[in-house]
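The next block holds one structure in the form of structure tokens; read it before the comments.
The values are calculated or read from the model by the stated rules, or taken from the named source; none is laboratory data. Predicted, not measured: the structure shown is a model, and the values here were computed from it. All Cβ positions, glycine included, derive from the backbone under ideal geometry; neighbour counts span all protein chains shown.
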Amino acid sequence: MKTASTEKKAAGKATSKEPIDILIVGVGGQGIILASRIISQALVYAGYDVKQSEVHGMAQRGGAVSSHIRAGEKVYSPLIPYDSARYMLSFESLEALRYMSYIYAGSTVLLNDQKIDPPSVASGQQQYPPDVIERIKKKAKDVRVIPAADVAFELGNERVVNVILTGALAGNLPVSRKIWMKTLSELVPAKLMEINTKAFERGMQFSNR
Amino acid sequence: MKQLLTGNEAIARGAWEAGVCFASAYPGTPSTEITEAIAGYGEVNAEWAPNEKVALEVGIGAALGGVRTLVCMKHVGLNVAADPFCTLSYTGISAGLVLICADDPAMHSSQNEQDNRYYARLAKVPMLEPSTSQEAKDFVKLAFEMSEKFDTPVMVRVTTRISHSRGIVELKPRKSLARKVFKPDPKKYVMVPSNARMRHRVVVERQKNIAEYGEKSPINAIEPGKGDIGVVSAGVAYQYAREVFPQAHFLKIGLSNPLPKEMVRKFAKGKKKIYVVEELEPFMEEQIAAMGIAVEGKSRLPEIDELNPDVVRDGFVKKRKPHKADVVEGLPNRPPNLCPGCPHRGLFSAIKPLKLVIFGDIGCYTLSVLPPLSTHDSCVCMGASIGMSHGYSKVGGNTTQKSVGVLGDSTFMHSGLTGVMEMAYNKGSNTVIILDNRTTAMTGGQNHPGTARTLKGEDTVSLNLEEVCRALGVKRVFRVNPFEVKATREVVKREVSIEEPSVVISTAPCPLIFKVKSAPLAVDADKCKECGACLKINCPALTKRGEKAFIVDYLCNGCGVCGQICPFDAIGVPASK
Ligand SMILES: Cc1ncc(C[n+]2csc(CCOP(=O)(O)OP(=O)(O)O)c2C)c(N)n1
């Protein structure tokens, strides 16, 4: 039987790891779950304790989806506390605004510029917020816009948007290229590895590390 | 070897490592993936049962048959299985039987947030509450040991955040066990009153022994810290509390029924304050308070919703001041919706103009309650639609506003048969619509007794809905295609006007599960008169461009329902395609 204290001792042997909290948000069906798995697994390979949590009960039905990834020497809560997500990766523009409580002044927000109209916008009852970036900047200055759909179009496969965005976040994380490639090859089907590697690398160009 | 596993995957792995040979379940979020995962292990015979009561009964049989058995369900599933559960406690088991019960605080995907820890007390069954994926695996293995050691079913209670969170898990090999041969023992297994009276004594004695075991086992642990505050916690709440009180003394409870009362007493001694951090009800708090120990718990934490580090910090340390940018007023919501091409949209579009009272049920179709479709008047529990519409019509409800009961095919298998039997037997006059999309869509597309496939993917018999309804005594049984909107409307309109019980089976496969897709449609802007009728069916592919309706072609499934709703014939397959 493992108790929390024995787990702590085991984790203590690893070299010191700064905690990293990552929040990924978007819309059901955008591939957030795969992106979360790639990032969590790579962080495990890089020697972190990792917890990842999402609610996917109705994810496929077009609802809002969020996934919490927490890495560090020892992680307790699977949920990120407010004001502490080092990175927020938003797969859809306005979705970032739903989770503003989680970011802080020093957060980096990676924003896919894609817009998916919620039902009330589609039916003309509400307006799509025109000032997403300005609103995020009221709390966190570092906002980077990623034209993932355009890049995917250039690459000739609209389904790699999630891997482009994963790459954009990946470049910021203390994980080696070798680990990213190993993780990708384990989690994407072999016949799609080539296009996904390209997508991942194009995504990485958006991070400034 | 170490792997990143969800709590659900870890439970399945733990059961497999413990030598489990049989598993039975009915799907239900957040428990569904446990059974899907365990079905992937060749050594385990895993089945979908038609409902949770049957799943548990099959499980009891398998355990008496001599193999370690896992039974899984969501919290409300245990309401359905409560009958066998409470008496199974008396009979005990032969080979180990573990019941996984997955609660859903915050109701991410449920109709209520009942706290099933009370079931463990009600049935006097030991209960373990893991707080990580690693513990989920370890506790399931321990649960099997305890089950056989104490001759009892053991409940492992998880919550959505355990089931659907990933954490690092150390994998171990499988334990191989020989099948135990069943030894008939009527005094133990035949619960007539004279035997049950004896067995209840055994149960009370057993709980005492398990309590003693819990005092010594490392499953419950005092984790010394600093200061004069002591925190008692279990399950995922422990992880939140650990984050908020990094230095405090902890009593981490793994076996929460029966509570290790001596340990609690020892822990409380000399501490200025004892905090109980638990999700939902004051389950541990009230028991500890009843021991005469001053505790604080629900005076600081809500009894509703799930906890997280912020809620715990707000309650016990300091209320967080939100940043002015945190809340964006008027941000459009993004509720889950029926998919493009969903046959439920066809059916509800067909019956909406009939202005019926719709006694609904639980499944994807319940999503049609959202405006602008707004076609549900009730949703209580699986199968309730039929009984409710019968009751409503029996007291004359139909004379003011006609009604209909609507439920899905999986829900019909789960608990619709007895309802139909009831309306035929008691001379009902109501109409029931079965939304037969050939799967259990809401929970991700599981097979059921009407899909001709088992959980393991083998071919099997398929229940014939028409024949069953007729056999139950309903003479008026009809099948419709929900994508033929007008024809469907006519059949339902006719049936609700006839004073006889009837069943309308609306058959079309779920496009999400069966990957059904036709060429996308388009709006002819010249013909569109901007009436907005098509937008009222709430299809994700339909939006407005300027004042005209517009179809987003990559979202459109080509089902054609909008085209049949349009009064101006403005929607069709675009000429160029
Ligand atoms: C007692 C109980 N068990 C399980 C569930 C979880 N659950 C909700 S809806 C549903 C089945 C839906 O299938 P079906 O009736 O065929 O409708 P569909 O989603 O396919 O439209 C299940 C299993 C529940 N709510 N209550």
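Given B:165, B:110, which one is surrounded by fewer than 24 Cβ atoms within 10 Å (Cβ to Cβ), within 11 Å of chain A (Cβ to nearest Cβ) and either farther than 18 Å from residue B:18 by Cα or more than 20 Å from the chain's Cα centre (by Cα) (or both)? Sole residue among the options that is surrounded by fewer than 24 Cβ atoms within 10 Å (Cβ to Cβ), within 11 Å of chain A (Cβ to nearest Cβ) and either farther than 18 Å from residue B:18 by Cα or more than 20 Å from the chain's Cα centre (by Cα) (or both): B:110. Looking at segment B:391-406, can you tell me whether even one residue there is touching a helix residue (DSSP H, G or I) at 6+ places or on another chain (Cβ under 8 Å), of a type in the set (Lys, Arg) and away from the ligand (no atom under 11 Å from the Cβ)? So far as segment B:391-406 goes, yes, one or more of its residues are touching a helix residue (DSSP H, G or I) at 6+ places or on another chain (Cβ under 8 Å), of a type in the set (Lys, Arg) and away from the ligand (no atom under 11 Å from the Cβ). If residue B:101 satisfies every condition in (1) within 16 Å of the ligand (Cβ to nearest atom); (2) closer than 27 Å to residue B:215 by Cβ; (3) within 14 Å of chain A (Cβ to nearest Cβ) but one, which is the exception? Result: residue B:101 passes all but (3). Across segment B:369-376, a minimum of one residue is classified as away from chain A (no Cβ under 14 Å) and either over 17 Å from residue A:63 (Cβ atoms) or within 16 Å of the ligand (Cβ to nearest atom) (or both).
Mind checking which residues of segment B:255-270 are among the hydrophobic types (A, V, I, L, M, F, W, C) and within 10 Å of residue B:128 (Cα to Cα)? So that I can check it myself, show each step before the final result.
Going residue by residue through segment B:255-270, those that are among the hydrophobic types (A, V, I, L, M, F, W, C) are B:255, B:259, B:263-264, B:267-268.
Once the filter is applied, which keeps residues that are among the hydrophobic types (A, V, I, L, M, F, W, C) and within 10 Å of residue B:128 (Cα to Cα), segment B:255-270 yields only B:255.
Here is the figure for segment B:40-51: residues that are within 16 Å of the ligand (Cβ to nearest atom), under 20 Å from residue B:13 (Cα atoms) and surrounded by fewer than 24 Cβ atoms within 10 Å (Cβ to Cβ) total 1.
Against the definition (assigned to a loop (DSSP other than H, G, I, E, B), at pLDDT 95 or above and among the aliphatic types (A, V, I, L, M)), how does residue B:259 come out, yes or no? Give the derivation first.
On the way: assigned to a loop (DSSP other than H, G, I, E, B): yes; at pLDDT 95 or above: yes; among the aliphatic types (A, V, I, L, M): yes.
Criteria met by residue B:259.
Kindly indicate whether any position in segment B:507-515 is surrounded by fewer than 17 Cβ atoms within 10 Å (Cβ to Cβ) and away from the ligand (no atom under 16 Å from the Cβ). No.
So, of the residues in segment B:123-162 that are over 17 Å from residue B:235 (Cα atoms) and basic (Lys, Arg), which turns out to be surrounded by the fewest Cβ atoms within 10 Å (Cβ to Cβ)?
Keep residues of segment B:123-162 that are over 17 Å from residue B:235 (Cα atoms), which gives B:123-125, B:144-153.
Now narrow it down to the ones that are basic (Lys, Arg): B:124, B:149.
Values: B:124: 18, B:149: 14.
Out of the qualifying residues, it is B:149.
From B:67, B:54, B:58, B:76, which residue is within 11 Å of the ligand (Cβ to nearest atom) and among the β-branched types (Val, Ile, Thr)?
Values: B:67 fails: within 11 Å of the ligand (Cβ to nearest atom); B:54 fails: within 11 Å of the ligand (Cβ to nearest atom); B:58 fails: within 11 Å of the ligand (Cβ to nearest atom).
Criteria check complete, one pass: B:76.
Within segment B:267-282, is there a residue that is part of a helix (DSSP H, G or I), more than 16 Å from the ligand (Cβ to nearest atom), not β-branched (Val, Ile, Thr) and not assigned by TED's automatic domain parsing to the domain that holds residue B:533? Within segment B:267-282, one or more residues are part of a helix (DSSP H, G or I), more than 16 Å from the ligand (Cβ to nearest atom), not β-branched (Val, Ile, Thr) and not assigned by TED's automatic domain parsing to the domain that holds residue B:533. For segment B:13-27, the set of residues classified as within 14 Å of chain A (Cβ to nearest Cβ), under 23 Å from the mean Cα position of the chain (by Cα) and more than 16 Å from the ligand (Cβ to nearest atom) consists of B:14 only. Counting only helices (runs of 4 or more DSSP H) that fall entirely inside segment B:471-577 and contain at least 1 residues that are of a type in the set (D, E, K, R) and assigned by TED's automatic domain parsing to the domain that holds residue B:405, the qualifying elements are B:485-497.
Look at residue B:443 and say whether it is more than 16 Å from the ligand (Cβ to nearest atom) and within 21 Å of the chain's Cα centre (by Cα). Even if it seems obvious, please write down each step before you answer.
Working: more than 16 Å from the ligand (Cβ to nearest atom): no; within 21 Å of the chain's Cα centre (by Cα): yes.
Judged against the criteria, residue B:443 is not a match.
The requirement of being out of contact with any Lys or Arg (no Cβ under 7 Å at 6 or more places or on another chain) and within 30 Å of residue A:102 (Cβ to Cβ) is fulfilled somewhere in segment B:334-346, by at least one residue. Listed by position, the helices (runs of 4 or more DSSP H) enclosed by segment A:109-209 that each have at least 3 residues that are within 30 Å of residue B:325 (Cβ to Cβ) are A:119-122, A:132-137, A:148-155, A:161-170.
Taking the condition of being under 17 Å from residue B:303 (Cα atoms) and of a type in the set (A, V, I, L, M), how many residues in segment B:254-287 meet it?
Of all residues in segment B:254-287, those under 17 Å from residue B:303 (Cα atoms) come to B:275-287.
Those left that are additionally of a type in the set (A, V, I, L, M): B:276-277, B:280, B:284.
Count: 4.
From the set of residues in segment A:136-150 that are without any contact (Cβ under 8 Å) to a residue 24 or more places away in the chain and within 14 Å of another protein chain (Cβ to nearest Cβ), which is nearest to residue A:172 (Cα to Cα)? Checked segment A:136-150; the qualifying residue nearest to residue A:172 (Cα to Cα) is A:137.
I want to confirm something. Restricting to segment B:18-29 and keeping residues that are more than 18 Å from residue B:104 (Cα to Cα) and touching a helix residue (DSSP H, G or I) at 6+ places or on another chain (Cβ under 6 Å), which single residue is surrounded by the most Cβ atoms within 10 Å (Cβ to Cβ)? Checking each candidate, the answer is B:23. Restricting A:112, A:162 to those that are more than 14 Å from every other protein chain (Cβ to nearest Cβ) and closer than 21 Å to residue B:335 by Cα reduces the list to A:112. Considering (1) touching a strand residue (DSSP E or B) at 6+ places or on another chain (Cβ under 8 Å); (2) in a loop (DSSP other than H, G, I, E, B), the lone condition that residue B:405 does not fulfil carries the number (2).
Name the residue that is farthest from the other protein chains (Cβ to nearest Cβ), counting only residues in segment B:408-440 that are more than 15 Å from the ligand (Cβ to nearest atom), touching a strand residue (DSSP E or B) at 6+ places or on another chain (Cβ under 9 Å) and assigned to a loop (DSSP other than H, G, I, E, B). So that I can check it myself, show each step before the final result.
Step one: list which residues in segment B:408-440 are more than 15 Å from the ligand (Cβ to nearest atom), which gives B:421-431.
When the remaining residues are screened for being touching a strand residue (DSSP E or B) at 6+ places or on another chain (Cβ under 9 Å), the result is B:423, B:429-431.
Narrowing the set further to residues that are assigned to a loop (DSSP other than H, G, I, E, B) leaves B:429-430.
Numbers: B:429: 35, B:430: 29 Å.
So, considering only residues that are more than 15 Å from the ligand (Cβ to nearest atom), touching a strand residue (DSSP E or B) at 6+ places or on another chain (Cβ under 9 Å) and assigned to a loop (DSSP other than H, G, I, E, B), the one farthest from the other protein chains (Cβ to nearest Cβ) is B:429.
Would you say residue B:351 is within 16 Å of the ligand (Cβ to nearest atom), under 24 Å from the mean Cα position of the chain (by Cα) and either modelled with pLDDT of 95 or more or part of a helix (DSSP H, G or I) (or both)? When the stated conditions are applied, residue B:351 does not pass them.
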